Each structure stands twice: as C-alpha cells, then as structure tokens.
Amino acid sequence: MYILGKIKVTTELPQQLARLNDIAYNLWWSWNNEAIDLFREIDLNLWEKLNKNPVRFLQEVNHKKLYEKLENTEFMERYNMVVNRFDSYMSETQDTWFSRNYPDKQSEQIIYFSAEYGLNEVLPIYSGGLGVLSGDHCKTASDLGLPFTAIGLLYKQGYFNQRINRDGWQETHFSVLNISHLPVQPVLTQDNQPLMIHVDMPGRIVYAKAWKIAIGRINLYALDTDVPENNQYDRGLTAKLYGGDRETRIQQEILLGIGGIKLLDALGIKGTVYHMNEGHSAFLGLELIRKLIYERNMSFEEAQEVVAASSVFTTHTPVPAGNDVFPLEMIDRYFSNYWGQLRLQRHEFINLGQKPGDPYNFNMTVLALNLSGKRNGVSELHGAVSRNIYNSLWPETPEDDVPIYHITNGIHTLTWLSPSFKYLYDEYFPSGWQERLYDREVWENVEKIPDEKLWKIHCDLKSKMVDYVRKCLKKQYQCNGLPAHEVNRQVQQIDPDALTIGFARRFATYKRADLIFRDMARVQRILNNKSFPVQIIFAGKAHPADRPAHEVIKQIHDIAQKDGFKGKVFLVENYNMTLSRNLVQGVDIWLNNPRRPLEASGTSGQKVCINGIINLSIFDGWWCEGYNGKNGWVIGDDTHYENEQYQDDADSQSLYSLLEDVIIPLYYKRNDKGIPVEWVRIMKESIKSIAPVFSIYRTVQDYTREFYVPCIERVRQIKNSNYDYARELAEWKQKIYKEWPNVQILADKDGVLLKEQHAKSGENISFNAIVRLGNLTPDDVEVQVYYGSVSNNTIQQGESVAMHVSGQHDPSTYIYTATLNIADGGEYGYSFRIVPKHPNLFNKYDMPLMKWPSM
C-alpha cells in the first residue's frame, strides 16, 4: 500500500509538567538519576523502547499517562523537587568551586575544542575514550562552575554501529540521526535565521550551521555542514566521525579549528583560554594568529606569543596512528592561500607542523605543541613518554626538561556510578558528598558500609548486567541466523554466580585483547574448573581501517565457539556507552592488559572502582598512580621489553598466575553467610583510594590551577600592556635566536672544560665555568651545573643548579661559579649548560635552545 502523506502527532505536555521539556533538553538529566526516574515512572516500557531518550519520549508518550501523573501526589512532589534542584543548579553562579576560588576571573571564557564528545548514548557523536573524556570534562566544568564553552562537530551518522557476523568478522553500519529526537537546538540569529559560518576550501566555500547542546550550566556548540548552501559532497562532510579518507579528515579539522573560531566570533563569545583536546583542532591556533595580525598589525612572532599565552594542548596517545599527519602536497592545496595571511613563507609554515626526521608530513600534534604555551600528557607515565617522543622539538634538551607536563585523567563520577551505589553512599556518606567527590575524607566512609550490604548490591548489579548481556547476545545470535533453541541455550550459559572478567574497550592491537589466550590449554583449565567457575565478557569496536584489530575480534569470536570455551567466553557486539555502563557496574574483575607504555591513561578502570569492581591491570597509564598494593592487582611489572614476544609471554604468565593463585581462590573464599570478606575488603580499598583521586573533579581542578588560571593571568598582562608584553618578548626571542650560534662554554677557571671532582658526603663542591655570550648579556641567559647519577656514561634524572657571574675576562666572556652539596654517596656525572632566560618566559625551557660544552 502506498503512503500518500504522513501525520506527525506530538504529545502536548500539561502545563503542570511543562518543565520536563526544559530538563529533557539539558543533559543535566544524564547524571541526575532522580530526573531519569521521572521519565521511567511515567512509562517504563516506552522509556526502554526509545533507548532512554527523554526528548523523543516526551514527543511520543501517551498524554493520558501524563495526566494520570497529575493525580499522583507522590510523583508530583518528586517532580517539583527535581525541578527545584535543576533551577537551583542552573542559577547558582556565585557559590561554585570556581567562583569561590577565582572570583575575579568569572568574566573570562575557557574554550574547549574536541573532535568528539561522549555525553550520553542518545547523542552518539563519540567513538571511545577520548570522546567520553571530553564529555566528562564538560560536565565537570559545569559542576565546578567554570566559565566554559565547548566547540565540536555534529555528526548526523555518528560513529559506526558494529555487527559481528556469523563468521566473526566486524561489519560497520551507519544510521542517520533524527535531529528532532535529540537534545540539540539550532542556534539562531537575531532575525530568527540559522546562524551560519563559512570556511575556505580549495576552489570553494563550505558553509556550516550551528547547534547548541546544553550540558548543565555550559554549552557545546557543534557545526554541521548539511545545509542547502553546500554541494552534495560538502553536505556530508560532517556526516561521520572519523569517516572517509584523509581529504575528509583534513576538511573536518579545518572546519573544527578555523570554523570553530569563526563560530565563536559569530556567537560573540570572546575566549581567553583555548584548550585543544588532541591535535584535531590545532588549526585554531593559526586562525587566532591570523586574526591578531589582521586586527592588531602584529608580526607572526608577536601574534604567536599572544596565542601561546592563551593555548593549552592535551595529547592523548603515544601510538602513531592516533596522531594525524597530512602529506605536504595536501597542505599545499589547502593552505597555499593561507600562509601569506600569516606573513609566512611556505617553508616557515611547514616547519610549524614538521617533526624532525619526517620531512614528508605535516603533523597536527607537532603543530599543537608549537602553538601552545601549556602542554600535557594524561598520566604521569604518559607525560614522560610524550617528552621522549617529542624531545626532538627541543633538541639538546634532556627529556625531563622538555616542557610537556601531565595531568592524569579522571571520570565524571555521577555519570558512571550506578544508582544503587549512589543511594548506598547517600545512606552512609555525609550530606553534600556529591559536591566533594575529590575529598578523600568523604570516601573513607565506605568503611561504614556493612560487607553484606555492599556485596548484595554488587550481586544485584551483576545479575542486571547478565540480563542485559543476554538480551544483547540473543539479538546478535538471531541476526546471525542461529536456531531459536540454540540462541536460548547459549545466552543462558552466562552464569551470574561465576567470577566474571570484563574486557571492554577500543579493539586496537596494542590493547592485546587476546593476551589471555596466549596459552590456550592453561586458560581452558582456568575457565573450566567446576568448583571455581570463571567467564569472560569481551566488547569493543575496531577502527574500520584497522585490519589487524578486525582479526583480533575474529580470533576471539572463533575461540568463543570452541569446545572448552563455548559458554565461558562471550563477545558482545556494538560496544557503546549503554553496554559500557552495564559492564562497569556489573562484572567482578576489570581486565586491562595493553602493551606498556602505550596506554596513555585509560579511564574504564576508574569507572569500575566507584561501583566496587576490582582492577587487574598492566602497570601502565593511570594504574601506575592508582595502584597502592591493596586495591587490585598488577600484571607483570615495569620492565621495558625490546622484544614484543618476550613481553607477551611474561605478561600472560603473570596474568595466569594471578588468576590461579590469588584472584580465583580469594573470590570463592566465603564466610558462613556466603560473603567473600577479603574480596569485599579489596572492593572497599579500591573505592576509597581511587574514587577521590581519579574523579575528573580533581582533573579539571588541576587544569584550572596549573593551566587555565596562569593563561588567564598572562593574557591579562598582555592586554593590559596593549600587547607590548608580547611584542617585547618576541623581539627578545629573535635576538636570542640570532646570537645563539655565538654562545659557547669554553673552560673552567683552570682552563679545563670538565674534570673529575672528589668530595665527602655533604661537603661543598665548587664549580667554575668560562662562557662566551657574544652580543648577549648575563641577563639573557642562565648558566647551570647539570648533574645526576651515571648510567651507561650518561647522566640519569639530572638536576640543575644556577651559577652566578663571579668575574669577566673581556666584554663577551664571563666566569660563572656555583657550589653544590650532595648528601648521598655514589658516582655522579656533571656538565655545564646555558639556556635562554627571561622573566616573561611562560615555561623555563620553552625555547628549543640549550648550549652544552663542545667535547
């Protein structure tokens, strides 16, 4: 039968419930389960059917059910309570963490750029951990009251849906999002037209409209090229996250970076700080420089100083595939008309994004590092790894002095905390604990919770997780054509009483999802011990272009079908935030075994701990800081392996031994009430030791103290000086670059460059050096003694002591002196070095200049 037309019926809310619409269009509801409970109670079946989407729910709910609730006094009381909480949250701007600590900085704006945002499953514009981290960062900026705006892209097909077919191969499918069903609203101009911006692309102009996504007190603005003004190709430019080829990627990143700055201008939002979450948005720095050159008649170097003062860059991965690079011919096509606007020649522009040793590509991470004043990795280990990877940008600088720092990632606790645990914490924690998630004293109260109560809630959540996984697998098996009786038999094999190991994350090969199967016979014995049953649940997507990762999925699928593994190993397709939430709230053990040191941080293990789940992880990423010897287990150690086969062998053997000798016996060791008392003790230790430290409240507070506020203060200094601060610093740097070849370390006062010294522990050691500064003065440099323990004839973990001028040979040659006192005995190496010095340098070793003695 043919359709002649369509009728769209939208439910009209009763006036008494009209505020449900305000709540539905603000993602505040996503981390406030009392708000979610309102929608659930109105019509639970419809809520589940519509995938817990409140906007669509209000469009489709039967109006009779709404009017029935008007007669329910208890419901209306809770409705009013939620509305009052929402209004109080939204209106409170003078008593937030930020306003209390930085009352004089509330008029500034921190602008956050990310290519993806994992805010909630109803808005699938994320692929994995980077997006979820961005979403959690935004929610926390709202909770803490930061003056904060986020910029991104709206992908109408989102990231792909994953199917694992009957043969075990991943298939990718995209579905088009219905914008009218989403918590997004168009940004309109004063004359009620869609707000539009445009960016230049080779041979054409690309237009984009803006959408607003409300996240508590802050807004995310997302650009969308699906507008009539564009050709068909350009309308699809923002269709898919990480979709298409390099051409699509560079165009998306131009739109995000350059287009994002233009969007802020169109919105009238004046940013003070610009935070680039990964290198995808790094072109924004170029656009900010271009604007300063045009508006303030600055040189490139002067404008670069201003932009560096306001720019923060966070790198998230040491894996090369995670860092975008573009061939130079592509840069020529897209930027040949742009670098002139920066007053640069081609080679000068290219140098901004070239990593030494790679003359053929333009690296977005390098561009971001070169344009930012504050730079960080996302864990202590990742900071060190990043300094190693990008040491070549600061040649002659020891790794430890490379100006890349670290702020360890965290999670938005209330997004990932199960309601059951939240209500439990409400009962035993002090009132207002949700505003003090970073306070260790709050979490010490977990010791007050009776073991029986904690264990029962865990078991209930585990049963709920098993039910959800069964439902997912049933649909998965049915789509693959399994007979109904076989589908039912297989899904019922998931045992809610068995020790359940969860492994769910992006399926990149360095994550080593298949490590536990390295010794098939041994893991088969572990899984099939009838007295101590064990099962493993896997989930995760592989990037469509990552063939080796597809093969890992295929391998695990095939193992799950083998005798001895069927009914013990389960692979669930289409990993997303819904599946993740069930797993991080319901398994017993969270397995994480990446190839060290390639896990920058990882946050899934932080999500499980707040729900009483214990980590079993490689000593990598955040776990290096999180593990305290009592709150989980470490696979292997911090040994560095040159041979990956040796590393896999060692780590898998450690994993098996931990399972066989420690974890499984401990899990099944029960008291007379059936409680694994020692296991529960580790659960409590995990909760109280990890939850406050790895809350993203602490992370965002760290960013604020260490990066955002220093940037704000530096930008104020620049503007208060009418930009002379930046001009003078740029001029001084040019002088340093010009004169640096003439700077030399000649000898000590006895005419010897370096010599052997002897001293007793705690005794003063004197050092003298003769240096030639050319046309520079001692005010322009700092001469240092650099010393540390010796290994392989090199100084390890060196420290420096500033020397002072004690004499002068001629107008350009000076004698420098220092005294050193070393308390610990041993053999130490030392050298002298010279670095540029200026009171207005943002970081001590920002300039890629360091002079050592010529040997």
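The values are calculated or read from the model by the stated rules, or taken from the named source; none is laboratory data. Please read all numbers here as calculations on a predicted model, not as lab measurements. Counting neighbours? That spans all protein chains shown, and the Cβs are built from the backbone with ideal geometry, glycine included. These accessible areas exclude ligands, DNA and RNA; they are computed on the full protein's heavy atoms, side chains included. Shrake-Rupley method; radii C 1.70, N 1.55, O 1.52, S 1.80 Å.
Looking at region 282-305, can you tell me whether even one residue there is on the phi > 0 side of the Ramachandran plot and either open to solvent by 30 Å² or more (accessible area, probe 1.4 Å) or within 21 Å of the chain's Cα centre (by Cα) (or both)? Yes. Might you let me know whether region 575-593 holds any residue that is assigned to a helix (DSSP H, G or I), touching a Leu at 6+ places or on another chain (Cβ under 8 Å) and either buried (at least 22 other Cβ atoms within 10 Å of the Cβ) or at negative phi (or both)? Checking region 575-593: at least one residue is assigned to a helix (DSSP H, G or I), touching a Leu at 6+ places or on another chain (Cβ under 8 Å) and either buried (at least 22 other Cβ atoms within 10 Å of the Cβ) or at negative phi (or both). The criterion of being open to solvent by 50 Å² or more (accessible area, probe 1.4 Å), part of a helix (DSSP H, G or I) and either touching a strand residue (DSSP E or B) at 6+ places or on another chain (Cβ under 8 Å) or among the basic types (K, R) (or both) holds for R333. A residue that is touching a residue at least 24 places away in the same chain (Cβ under 8 Å), open to solvent by 70 Å² or more (accessible area, probe 1.4 Å) and either out of contact with any Lys or Arg (no Cβ under 9 Å at 6 or more places or on another chain) or β-branched (V, I, T) (or both) occurs somewhere in region 768-784.
Within region 433-455, the only residue that satisfies the criterion of being at pLDDT below 95 and closer than 13 Å to F421 by Cα is Q434. Filter region 249-281 down to the residues that are open to solvent by 20 Å² or more (accessible area, probe 1.4 Å) and closer than 28 Å to Y390 by Cα, then identify the one that is farthest from the chain's Cα centre (by Cα). So the residue we want is R249. Taking the listed residues G383, G353, G357, G377, the one that is modelled with pLDDT under 95 and either open to solvent by 40 Å² or more (accessible area, probe 1.4 Å) or within 19 Å of G322 (Cα to Cα) (or both) is G357, with no other qualifying. Would you mention how many residues in region 541-595 are more than 18 Å from R522 (Cα to Cα), touching a helix residue (DSSP H, G or I) at 6+ places or on another chain (Cβ under 6 Å) and not hydrophobic (A, V, I, L, M, F, W, C)? Total meeting the criteria: 8.
Pairing each residue of region 59-77 that is over 13 Å from P14 (Cα atoms) with any residue that is open to solvent by less than 100 Å² (accessible area, probe 1.4 Å) and of a type outside the set (A, V, I, L, M), provided the two are 6+ apart or on different chains, yields C-beta distances under 8 Å for E60/T11; F75/E41; F75/K69. Of the residues making up region 796-855, those that are part of a strand (DSSP E or B) and either open to solvent by less than 50 Å² (accessible area, probe 1.4 Å) or not aliphatic (A, V, I, L, M) (or both) number 31. Taken over region 102-128, residues that are polar (S, T, N, Q) and in contact (Cβ under 8 Å) with a residue 60 or more places away in the chain amount to 4. When the criteria are applied in full, L579 fails the requirement of being more than 29 Å from S127 (Cβ to Cβ), under 33 Å from the mean Cα position of the chain (by Cα) and aliphatic (A, V, I, L, M).
Scanning region 434-483 for residues that are of a type in the set (F, W, Y) and either closer than 18 Å to S686 by Cα or not in a helix (DSSP H, G or I) (or both) gives Y438, W443, W455. Taken over region 164-188, the criterion of being open to solvent by 50 Å² or more (accessible area, probe 1.4 Å) and not aliphatic (A, V, I, L, M) is satisfied by R166, D167, W169, E171, T172, H173, F174, S175, N178, Q185, P186. Inside region 700-744, residues that are exposed (fewer than 15 other Cβ atoms within 10 Å of the Cβ) and either touching a Cys at 6+ places or on another chain (Cβ under 7 Å) or basic (K, R) (or both) make up a count of 4. Looking at this structure, is L292 more than 25 Å from Y703 (Cα to Cα) and assigned to a helix (DSSP H, G or I)? Criteria met by L292. So for region 754-771 (the condition being at pLDDT 90 or above and basic (K, R)), does at least one residue qualify? Checked against the condition, which is being at pLDDT 90 or above and basic (K, R), region 754-771 yields no hits at all. Within region 396-432, restricting attention to residues that are of a type in the set (G, A, S) and in a loop (DSSP other than H, G, I, E, B), the residue that is nearest to V584 (Cα to Cα) is S418. For region 812-836, the candidate set comprises residues that are of a type in the set (D, E, K, R) and out of contact with any Lys or Arg (no Cβ under 8 Å at 6 or more places or on another chain); within that set, the residue that is nearest to R772 (Cα to Cα) is E827.
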